[in-house]
1. At 7 Å along Cα-to-Cβ for each site, give me the label-to-label distance between Ala64 and Ala96 in nm.
2. Provide the solvent-accessible area of Val60, counting protein heavy atoms only and rolling a 1.4 Å probe, rounded to the nearest 10 Å².
3. Going by accessible area, probe 1.4 Å, with all protein chains left in place, what is the ranking of Thr107, Thr97, largest first?
4. Lys and Arg at +1, Asp and Glu at -1: add these up for the other residues within a Cβ distance under 15 Å of Ala85 and post the number.
Amino acid sequence: MRRWAVEMAAAVAVIGILMISSSSSRSGVASAAATWCIARSGAGAKALQTALDYACGSGVADCAPVQPSGLCYLPNTLAAHASYAFNSYYQRSNAATGACDFADTATVTVTDPSKILLSSSLLVVSCR
């Protein structure tokens with residue numbers, strides 16, 4: 001099962017389709033009011049890394065899935081890991097105002113990232 005998950009994650013990275021768990025909405029089911037916090041496409045690498053370190057170091061976000069042994073490690077990109085951490089922080093903060101800023105490296109979206117094909121400039125990943 002683990003090998004299949006890794007191969008599937010690699011395939012997702014290759015074609016650029018990004019998955020986000022419907023459980024990331026507060027009710028556990030995606031709805032019209034669901035929002036997600038993702039890395040801003042124009043954010044610089046240094047700023048993203050600082051924001052990722054903050055989100056994971058705060059104790060609010062669950063960053064274990066984007067660690068090397070985690071199920072969401074792939075795609076192994078800064079934008080994907082930051083988006084995962086940002087959304088975890090945001091959802092665990094009950095989507096509070098200001099919980100998706102991270103020094104202007106993140107943005108809230110109402111479009112479920114699993115339903116869209118994104119360019120390689122913005123990679124978002126979230127796992128169930």
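The values are calculated or read from the model by the stated rules, or taken from the named source; none is laboratory data. Predicted model only: the values in this text are computed from it and were never measured. Ideal geometry is used to build each Cβ from the backbone, glycine not excepted, and the neighbour counts take in all protein chains shown. Keep in mind that these areas ignore ligands, DNA and RNA; they rest on the heavy atoms of the full protein, side chains included. Shrake-Rupley method; radii C 1.70, N 1.55, O 1.52, S 1.80 Å.
1. Once both label points are built, they end up 2.3 nm from each other.
2. Surface open to solvent at Val60 totals about 40 Å².
3. Highest to lowest solvent-accessible surface, that is Thr97, Thr107.
4. Taking every Cβ under 15 Å from that of Ala85, the sum is -1.
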